[in-house]
4 protein chains.
Amino acid sequence: MKNVPFKGIIAYPITPFDTNEKVDLPLFEKLVERLVVSGSNGIAPLGSTGVLPYLSDEEKEAVTEATLKQVKGRIPTLVGVSNLTTEKTIYHAQFAEKAGADAVMIIPMSYWKLTDDEIVAHYDKVAGKISIPIMAYNNPATGGVDMSPALLKRLLEIPNVTMIKESTGDIQRMHYLRKELGEDVAFYNGSNPLALAAFAAGARGWCTAAPNLIPELNIDLYKAIENNELREAQDIFYKQVELLRFIVSKGLPRAIKAGLNILGEDGGCLRSPLKPLQENEIKELKNIINNLKN
Amino acid sequence: MKNVPFKGIIAYPITPFDTNEKVDLPLFEKLVERLVVSGSNGIAPLGSTGVLPYLSDEEKEAVTEATLKQVKGRIPTLVGVSNLTTEKTIYHAQFAEKAGADAVMIIPMSYWKLTDDEIVAHYDKVAGKISIPIMAYNNPATGGVDMSPALLKRLLEIPNVTMIKESTGDIQRMHYLRKELGEDVAFYNGSNPLALAAFAAGARGWCTAAPNLIPELNIDLYKAIENNELREAQDIFYKQVELLRFIVSKGLPRAIKAGLNILGEDGGCLRSPLKPLQENEIKELKNIINNLKN
Amino acid sequence: MKNVPFKGIIAYPITPFDTNEKVDLPLFEKLVERLVVSGSNGIAPLGSTGVLPYLSDEEKEAVTEATLKQVKGRIPTLVGVSNLTTEKTIYHAQFAEKAGADAVMIIPMSYWKLTDDEIVAHYDKVAGKISIPIMAYNNPATGGVDMSPALLKRLLEIPNVTMIKESTGDIQRMHYLRKELGEDVAFYNGSNPLALAAFAAGARGWCTAAPNLIPELNIDLYKAIENNELREAQDIFYKQVELLRFIVSKGLPRAIKAGLNILGEDGGCLRSPLKPLQENEIKELKNIINNLKN
Amino acid sequence: MKNVPFKGIIAYPITPFDTNEKVDLPLFEKLVERLVVSGSNGIAPLGSTGVLPYLSDEEKEAVTEATLKQVKGRIPTLVGVSNLTTEKTIYHAQFAEKAGADAVMIIPMSYWKLTDDEIVAHYDKVAGKISIPIMAYNNPATGGVDMSPALLKRLLEIPNVTMIKESTGDIQRMHYLRKELGEDVAFYNGSNPLALAAFAAGARGWCTAAPNLIPELNIDLYKAIENNELREAQDIFYKQVELLRFIVSKGLPRAIKAGLNILGEDGGCLRSPLKPLQENEIKELKNIINNLKN
């Protein structure tokens, strides 16, 4: 049986900055703690939500260590280690393993569009240098490469590539993965507004930044699915769909920061060129959050 | 309460032709009978599957009358009456009403891309000339126009536009309709591979040509959803998803005709320029159909 | 040498309607006369501009005969005969030949997406039934099918398919046609804002509705190209580019009718669901036309 | 008058690596020298061709200094300084200015899709920290952001943003820039297969990696345009269009390296995950290069 340490709600913390745009580690640790205690089934620092590509190597290492120190094994940790070059990806994957991560997540970042063979070789080289499992992450909107289901199938033949995170927003990809690779394939949904459809299609988990704002609704959706309660799942999903759509359309780091502020929490600053949401956007989010209570 | 005569599996017959490419009405009636007795919850002649735009006015009228004569009110009938001009759409809608149709389906066919106001006026004029309800049909792939959720909302304000058929294959459209228009909105799924996700999202029915080939699997999926049995629905869906994908990718009229032949039924001829599937495609479909029995 | 009767500016008349939305033949003849006397090098009734798909068979025949009667051989005539079915396309192509057309234009209209083999068979069957040349017309935005350069090459192997009209707006298609098929290939530009780039790439002609409004600017652009005067061509093109963009973005039948009215000419009515431009759009067009005089 | 130091053929060197995937500076200098002596009108290190995002800060600085040392002011130098964060972009822009660059090129690199306001603020902050001019570079295929013509217009209001490089491959963007911003706007073409159309539309220069392989054909195209010889330009363009298409479709760093090898030159190694072209691709390029001699 393959090593698949994740199931359910995998929460993505933002990386907050101070007013000088330096990483604010104490605030980061506080945000991680919130995610753990609110019941998330896993935690994933240094994802897109955590603005991985905007950080220096030293900052990535500090965030990795801070996460593992704070989580203390209460839930499994998935560390993002994606990089444009293979050499750097290996470097960060080894760092994460040594720091105690349960798995690493890798998106084939791409400036020059990579061929399928280049992508396979990239994963293969990294996989050969670590012994923890890898989640391959497909997100053409941020990574610039769209991995076909056939390519994802090739990646799963690499021994420690054991999980797929699909963020294209195309439910047919999940149908294909399940149909081609059998009921045991571990695929995860990374497209927030697809949460209900993905669970209905058999997704093992949901990778999401939403637990920073609405952990109960996220976890209750998963529980309804586990209990085979479709109608309840539908109701819970429709309660949160507006918020899910909003945070995706505005960019997760901006939207989560704004949402934390609305909830009375400190969300820190953003790093330029990213800027906070505008007044009318913040007002719109306030309305959405207020409507959740009904 | 609005007049919404459809729920569940709405079956789309093909329009078969003889060897001279004339409509084969006796065969059409036989195919309609198969759909009724196999348990479909509604029937919809002159859809895309029924190659509506390839027929003359006289042929459309003959097919309409043949359907109603054959169905004899056992299940409700939805007649496709779409046309490029408003005048012709009114003509066919009135014919269908007089012939006894329970509702008509209208896609805003478009050579010149229509503005939202033109589309609303088109539906409004037709709606004013008949008293049976209208299903507004959104399918940019065949109709050439993509009606936004906001436009669909405007159409639903016309009194006898009571139903929406969504065939974009984008599950988010259904989320929007349900969220914006409330639990009572009658939306139907017209994208076959989206059947499970659409029912999970609350679709009232599934408009599909698949019952020509696999009526039990289609109806069982709907029953599992009605019984709130998500896991069973998932299993039944994955049994049929390959066939659903195949018939969509090859074009419904071509694929249903080929499938009927494989099942030992007469599917008639196609009208040029449409041609039968090629040998290797027929072989692929045979394999898919054989695998259904496992 | 292949039979290629067209070169330069091929003008597309609109089909005007009276207040009852019936074709207004006397006004049509007047509009055709304007195009001939203003110096167009060819005329093409029943194109997209002429709302071909919105007309009945009888109306198409009347428009064809009216054109040939009015033009009296002063310039060559290209008649649009596209239809969803092969049988009807043959019917109209034969009618056009008998009426005296110099060539017919055929777009593979598509409700169900046609395969390459179906498209080739469609053209082949029509070509076998007439002896005048055919212009194959590629316009995915209105026809629904995008013919690849490789498919266009196959079509040109049919003896009387001698001309290609490219309306994708992608200049690379023209590079491919010229490079693959040699300097003698007769390709025409059907994308108005691409007029300069297409002539620079070697297009033999420009199929356009613009001569209804700005015949001198259209013809002068062609003359500058013929005289190898790139800089002059550039100046003349930039004078008209705003108008070209406007008429394309608003839909040619709507925009030409509005432009004729602004110029003090009768443009007739449109057939529903098409409606006239709105007040602010008409005002925008007035400004563009006034700026032409500078 | 704005400071616009470039015109004609602006050549992009690759960044070659040694067998350990370290930057090979001596080989880089040799490749720069080839571009200078073959008649390029400008040189642009650290572009997409130069795999800027795959390099460390130290490597970028070494490449910048090597270029300026080698060029010795014989032609103007444009240094790529794009970075995901504003802070780093400023850092590299200041380094380039100090090293003696005539201008810097900046693409708004984007992991999270930037708003228009974020992009303007990004350019504005960088522009305020240097005194040499900036070329704003639009290339959604590699940068992930598509800057609208309206946004490019806003950027040109920043005093030292004086040049636009358009690489969308959409000739209409150039028409818009010229029409909106007047004859004096300095826009450059960055889409190789659009070279003829862009010059016809008034582009001031062509940013291209092609001079690594075919400098004479590139420079002769520009000369023909300068001499107002459209037909000659057309002929010269069609001689090189296949090679231009090839190098774009295969990725410039891979294709230029392969082409250099075919010409008997050392192109160095690539940095992983980028890999050399495959045998059949190299053979295809050989055929294209051999055909150039005819």
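For the range B:180-249, a/c is not less than 1.5, where a ≥ b ≥ c are the root eigenvalues of the C-alpha gyration tensor, and a/b does not top b/c. That puts it in the oblate class.
In nanometres and ascending order, the distances from the C:ASN228 label point to those of the other copies are 1.3, 8.2, 8.3 (point 7 Å from Cα along Cα→Cβ). Neighbours of C:PHE95, meaning other residues whose beta-carbon lies under 15 angstrom from its beta-carbon, give a summed charge of -3 when Lys and Arg score +1 and Asp and Glu score -1. Accessible area of A:SER148 (1.4 Å probe, protein heavy atoms only, ligands and nucleic acids ignored): about 40 Å². What separates the Cα centres of the range A:157-174 and the range A:27-106 is a distance of 20 Å. With a/c under 1.5 counting as rounded, go ahead and sort the range A:92-178 into rounded, prolate or oblate using the C-alpha gyration tensor (a ≥ b ≥ c being the square roots of the eigenvalues; past the cut-off, prolate if a/b is larger than b/c, else oblate). Prolate is the answer for the range A:92-178, as a/c is 1.5 or above and a/b outweighs b/c. Just how much of B:MET109 is accessible, in Å², when a 1.4 Å probe is used and the result is rounded to the nearest 10? For B:MET109, solvent-accessible area is about 30 Å². Note on chain A: with a GNM built from Cα contacts shorter than 10 Å, the maximum mean-square fluctuation among A:ALA209, A:ALA186, A:ALA150 falls on A:ALA150. Could you let me know the centre-to-centre spacing of the range D:233-255 and the range C:208-272, using Cα atoms, in angstrom? For the range D:233-255 versus the range C:208-272, the Cα centre distance is 33 Å.
Counting only Cα atoms, I'd like the Rg/Rh figure for the range C:8-238, Kirkwood definition for Rh. It would help to have the intermediate numbers written out before the result.
Numbers: Rg = 16.9 Å, Rh = 17.8 Å.
With Rh from the inverse mean 1/r over Cα pairs, Rg/Rh is 0.95.
Rounded to the nearest 10 square angstrom, D:THR85 shows an accessible area of 10 square angstrom against a 1.4 Å probe.
Per residue, the accessible area of the protein assembly as shown comes to 36 Å² when a 1.4 Å probe rolls over the protein heavy atoms.
Explain nothing, just the number: relative contact order of chain D, from Cα pairs under 8 Å at least 6 residues apart, as a whole percent. Spell out each step's value before the answer.
Numbers: 519 pairs, mean separation 56.6, N = 294.
Once divided by the residue count of chain D, the mean separation gives 19 percent.
Can you show me the helix-derived [θ] at 222 nm for chain D, built from DSSP H runs with n ≥ 4 at -39,500 (n - 2.57) apiece and divided by the number of residues, rounded to the nearest 500.
Details: 12 runs with 139 residues, N = 294.
Computed ellipticity for chain D at 222 nm equals -14500 deg cm²/dmol.
Remark: label point of C:GLN278 defined 7 Å out from Cα along the Cα-Cβ vector; separations to the same position in other copies 2.2, 4.8, 5.3 nm, ascending.
Who wins for biggest fluctuation among B:GLU87, B:GLU21, B:GLU279 in a Gaussian network model of chain B, springs between alpha carbons below 10 Å? With Cα springs under 10 Å in chain B, the top fluctuation among B:GLU87, B:GLU21, B:GLU279 is at B:GLU279. Rounded to the nearest 100, the interface formed by chains C and B buries 3000 square angstrom of accessible surface, both chains summed, with a 1.4 Å probe.
The accessible-area loss of the range C:223-265 on complex formation, taken against its chain alone with a 1.4 Å probe, reaches 40 Å² or more at C:ASN228, C:LEU230, C:ARG231, C:GLN234, C:TYR238, C:ARG245, C:ARG254.
Closest approach of a chain C Cβ to the axis relating C and B (residue, whole Å): C:GLY144, 3.
Which order, highest average first, do C:59-70, B:41-52 follow once you tally other Cβ atoms within 10 Å for each residue and take the mean per peptide?
Working: C:59-70: 19.5, B:41-52: 26.2.
Packing proxy ranking, top to bottom: B:41-52, C:59-70.
Kindly identify the range D:123-269 as rounded, prolate or oblate by the Cα gyration tensor criterion: order the square roots of the eigenvalues as a ≥ b ≥ c, call it rounded if a/c is under 1.5, otherwise compare a/b with b/c, prolate if a/b is larger, else oblate. The shape class here is oblate.
With label points set 7 Å from Cα along Cα→Cβ, the inter-copy distances at A:ASP57 are 1.2, 7.7, 7.8 nm, sorted shortest first. Here's how it looks for C:ALA103: its modeled amide H is under 5 Å from those of C:THR77, C:VAL79, which are all 5 or more places away or on a different chain.
The values are calculated or read from the model by the stated rules, or taken from the named source; none is laboratory data. This is a predicted model, so every value here is computed, not measured. Ideal geometry is used to build each Cβ from the backbone, glycine not excepted, and the neighbour counts take in all protein chains shown. Surface accessibility is based on the protein's heavy atoms, side chains included, excluding ligands, DNA and RNA. Shrake-Rupley method; radii C 1.70, N 1.55, O 1.52, S 1.80 Å.
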